[in-house]
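All remarks here apply to the structure that follows.
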Amino acid sequence: MTIDLVVFDLAGTTVKDNKDVHRVLQQALAAHDVAISLEDANAVMGIPKPVAIRQLLEKNYPGPLQITDDWIDQIHRAFVEAMIEFYKNDPSVGEKPGVSETFRKLKANNVKVVVDTGFDRAITAPLLDRLGWEERGLIDGSVTSDEVQRGRPYPDLIFRAMQLAHVTDAARVAKVGDTASDLQEGNAAGCGMVIGVTTGAFSREALQEELHTHLIENIPEVLNILPSRG
């Protein structure tokens, strides 16, 4: 089996995240008098954020108000605005160790690199600007949850990434991510490799419960497990 494309998640996988996304989501809900724990937020990491907000409201809001699309949209807009501000200006924003070099080595070996995310484009654009991967030619594209019909755990993000990279066989795609929904997405797409990263949102024990081909701690380990293109 040869891998022609690796699809990497962003926050928690290739981008440093000290539960920053969790806290912003927590704060956006708190502004509407809905209290959630960081553990509640962690459970919905990786999936499209409007879907995550609906699930969190259904689980944690005991009040009389009806959970409507408009209410979810209000909370989501606040979340998006706060995440844009964070990714543009917070000094802690950056890639996890070895990511750029891993991308560079993959590209040198004729493996395409695309990033996908549970964020929408409004959040992803300033993050990618900050990281500089596009301008350095380290990625072949990016796909966000608002650009496909269904986000994770469905396979749509993978299929869009394959279109961008001109790869037609999902068996020649590796998916790399730090959440259960990342692994579910890769399996739903029929990826030849489904790789969990244990230093992000989900623990090794939690990822172990999902179907996968490999579990790794750090992104450079990807280089050691991909089949040789010799």
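The values are calculated or read from the model by the stated rules, or taken from the named source; none is laboratory data. On a predicted model such as this, the values are computed, not experimentally measured, just so you know. Using ideal geometry, Cβ is built from the backbone for each residue, glycine included, and neighbour counts are taken over all protein chains shown.
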Response to the item:
Listed by first then second residue, the pairs whose first member lies in the range 168-184 and is in contact (Cβ under 8 Å) with a residue 40 or more places away in the chain, whose partner is assigned to a helix (DSSP H, G or I) and among the charged types (D, E, K, R), with beta carbons under 7 Å and at least 6 positions apart or on separate chains, are Lys175/Asp182; Lys175/Glu185
Worksheet item: If we scan the range 164-173, do we find a residue that is under 20 Å from Val15 (Cα atoms) and modelled with pLDDT of 95 or more?
Response: no
Worksheet item: Taking the stated definitions as given, is Gln163 closer than 17 Å to Phe119 by Cα and either in the same structural domain as Val99 (by TED's automatic domain parsing) or touching a helix residue (DSSP H, G or I) at 6+ places or on another chain (Cβ under 9 Å) (or both)?
Response: no
Fill in: Looking only at the range 175-230, and only at residues there that are part of a loop (DSSP other than H, G, I, E, B) and in contact with a Phe, Trp or Tyr (Cβ under 8 Å, 6 or more places away or on another chain), the one that is farthest from Asn42 (Cα to Cα)
Asp178
Worksheet item: Are any residues in the range 1-53 surrounded by fewer than 18 Cβ atoms within 10 Å (Cβ to Cβ), closer than 20 Å to Arg130 by Cβ and at pLDDT 95 or above, and if so, which ones?
Response: Lys16, Arg23
Worksheet, complete the sentence: Cβ pairs under 9 Å, 6+ apart or interchain, first in the range 207-230 and in the same structural domain as Glu101 (by TED's automatic domain parsing) and without any contact (Cβ under 8 Å) to a residue 40 or more places away in the chain, second crowded, with 16+ Cβ neighbours inside 10 Å and among the aromatic types (Phe, Trp, Tyr), ordered by first then second residue, are Glu210/Phe202
Discussion item. Only one of Glu81, Glu95 is more than 15 Å from Ala11 (Cβ to Cβ) and of a type in the set (Asp, Glu). Can you tell me which?
Written reply: Glu81
Worksheet item: Is it true that Lys112 is surrounded by 17 or more Cβ atoms within 10 Å (Cβ to Cβ) and among the charged types (D, E, K, R)?
Response: yes
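Here's the yes/no breakdown for (1) exposed (fewer than 13 other Cβ atoms within 10 Å of the Cβ); (2) under 19 Å from Thr179 (Cβ atoms); (3) among the polar types (S, T, N, Q); (4) assigned by TED's automatic domain parsing to the domain that holds Val167:
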site: Lys105; (1), (2), (3), (4): no, no, no, yes
site: Phe119; (1), (2), (3), (4): no, yes, no, yes
site: Thr124; (1), (2), (3), (4): no, yes, yes, yes
site: Arg130; (1), (2), (3), (4): no, no, no, yes
